[in-house]
Structure formats: structure tokens, C-alpha cells
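Encoded as C-alpha cells, the structure appears first; notes follow it.
The values are calculated or read from the model by the stated rules, or taken from the named source; none is laboratory data. These numbers were taken from a predicted model, which means no experiment stands behind them. When we count neighbours, we look across all protein chains shown, and the Cβ atoms used for this are built from the backbone with ideal geometry, even at glycine.
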Amino acid sequence: MTHSFETLAIERRDDGIEIVTMDRPHVMNALNTQLARDLIAYFESLAMEPMRVGCVVLTGRSERAFCAGGDLKERDGMSVEAWRAQHLVFERMARAIINCPSPVIAAVNGAAYGGGCEIAAACDFIHAAEHAQFALTEVTLGIIPGAGGTQTVSRAVGNRRAKELILSGRPFSAQEALDWGLVNEVHAASRLIDAVLESAARIGRNAPLAVRQAKQAISRGTEMALGDAMAFEIEAYNRLVDTADRVEGIRAFNEKRPPVYQGR
């Protein structure tokens, strides 16, 4: 990937992990049109190069905020037409993150409000700093979550909890998010990135084709009836039988050595 971004910083590591940092700290990484466009460009590039990255870590450039939500200064005075045009960009951004073939871990380092909470919820799972705060505040502004939040958060915490959070717009803590199932782990702020990188590295050591098929089976299967989901799982499984990685995994186990996967 040679593309440079106005609002993102990309760190490519030797272990195949990429750290993607939303880089607007002067406004708590608020989501403006350019940030959304940059996230689309980055995540859609992975759809075109699915073997480039073993795992993505998404975070924010600030001790205060992961992403504080939509940039309301940019939106101040927007015409209806401009608002709708911008929101089409936000919708495509959410789909690009959700549909990323590589696993995406959100490292929520501070406030994740509104669109920021939706960005985190669009990732495959979330680790958060102890001081992080979440909220879906859209109803307090006369709108509703529109970047997947009514769906992704409901799937994580259940309909009743999601209704409470979305209809009230109230903030909730990292510990509450952990207790309710939105967040997987909570860490001291100084430990957050290291902990997420450990999780990402563990994923990255596994067979990449298998990781991608497992992610797809989980993501698509939860939207299907059980019988259909099991059939989809078998289709995903069968795609892996005739791969060099499957042969290497079994051989490495029997030879008592770490496998060397090549993604083929």
C-alpha cells in the first residue's frame, strides 16, 4: 500500500499487523468527511489485497478520545442535500470496516461517542482503556445512529440494553461495556496497545485463509437460520481442504514445530 492519508497514520509492523490511528487529535478525532473517506480508502484497499495484513488494530491519536463522534462544526449550517451526501460516505465507511477480510480490533483509548462508538462496534472486537467512555448520543441531536450502530450494538449487547443506550443517549463506562458484551477486555491505558498487539499477533500466527473463512462464517452465519448457517460453515470449511496451509498445519503439528503459513 503506497497511499498516504490526510487523517490517518498507518504503522506497518514486521509481523503483518497494521496499526491504523485516526489522527485528528485537535478535535478528539471527530469524524469528518475526510476521515470517513480515508477509512474507506484504507479498508477497501484490504478488500483488494486480502493477504496484505494479518490483523488490523484501529485506534485514535489522543489520550482523551478514540473518536468523539461526528464533527458538528463541519456539519453546522449544512444543507439537507450536503448532509445526505456526507452520510452516504459514512454509510460506506461502516460497511468497509465491517466487510474487511482481515480481522479488525478496536483499541478504544478514550471517548467513543456517536459515530466513534459505531466505528468501534463495526470492528470484529474491542479492547478498551479503563478510562474510556462510550455513548450513542444521536437522539440528543435529533437523529439516530446511522453508521450501523442500531444493528452492531444490538447484536453485541442485546435489544433491550441497546434500546436503553440508544434511546437515552447516556454515556457508559468501559467496565459497563465489558459487562454487557460490547467490549472484550479492559486494560490500564498504558497497557492497552501492547495487549491489543498481543491479541493481534496471536491471530496473525494462524493460517490466514482459515482466519478469513472463520470470520466470514461467523459474521454471515449470525444473520441466518441455524440450518443455513451450518451449511454456510461447511462451504467455508471445504474451501480450506485443498490448500497448502491445511497440509502445512497438519504436518507441522506432527513434526512438533511451528507452522509456516503462506496463505495458499
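Taking residue 82, is it among the small types (Gly, Ala, Ser) and within 23 Å of residue 167 (Cα to Cα)?
When the stated conditions are applied, residue 82 does not pass them.
Can you work out which of the residues in the range 123-132 that are free of Cβ contacts under 8 Å to residues at least 60 places away in the same chain and not β-branched (Val, Ile, Thr) is nearest to residue 184 (Cα to Cα)?
If we take residues in the range 123-132 being free of Cβ contacts under 8 Å to residues at least 60 places away in the same chain and not β-branched (Val, Ile, Thr), then 125 is nearest to residue 184 (Cα to Cα).
Please enumerate the residues belonging to the range 47-61 that are in contact (Cβ under 8 Å) with a residue 24 or more places away in the chain and either surrounded by fewer than 21 Cβ atoms within 10 Å (Cβ to Cβ) or more than 18 Å from the chain's Cα centre (by Cα) (or both).
47, 49, 50, 51, 52, 61
Would you point out which residue out of 229, 214 is within 23 Å of residue 100 (Cα to Cα), among the hydrophobic types (A, V, I, L, M, F, W, C) and surrounded by fewer than 17 Cβ atoms within 10 Å (Cβ to Cβ)?
229
Test each condition in (1) under 20 Å from residue 51 (Cβ atoms); (2) assigned to a helix (DSSP H, G or I); (3) at pLDDT below 95 for residue 206 and report the one that comes out false.
Checking residue 206 against (1) under 20 Å from residue 51 (Cβ atoms); (2) assigned to a helix (DSSP H, G or I); (3) at pLDDT below 95, the one that fails is (2).
Any chance the range 48-58 includes a residue that's more than 24 Å from residue 262 (Cβ to Cβ), in contact with an Asp or Glu (Cβ under 8 Å, 6 or more places away or on another chain) and of a type outside the set (A, V, I, L, M, F, W, C)?
No - not one qualifying residue is present in the range 48-58.
Matching residues to (1) part of a helix (DSSP H, G or I); (2) without any contact (Cβ under 8 Å) to a residue 60 or more places away in the chain; (3) surrounded by fewer than 16 Cβ atoms within 10 Å (Cβ to Cβ):
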{"residue": "121", "(1), (2), (3)": "yes, no, no"}
{"residue": "134", "(1), (2), (3)": "no, yes, no"}
{"residue": "150", "(1), (2), (3)": "yes, yes, no"}
{"residue": "163", "(1), (2), (3)": "yes, yes, yes"}
{"residue": "179", "(1), (2), (3)": "yes, yes, yes"}
{"residue": "193", "(1), (2), (3)": "yes, no, no"}
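If a residue counts only when it is in contact with a Pro (Cβ under 6 Å, 6 or more places away or on another chain), hydrophobic (A, V, I, L, M, F, W, C) and modelled with pLDDT of 95 or more, which strands (runs of 3 or more DSSP E) contained entirely in the range 3-116 have at least 1 such residues?
55-60
Read through the list (1) in a helix (DSSP H, G or I); (2) of a type outside the set (Lys, Arg); (3) more than 16 Å from the chain's Cα centre (by Cα), then give the number of the only condition that residue 145 fails.
Every listed condition holds for residue 145 apart from (1).
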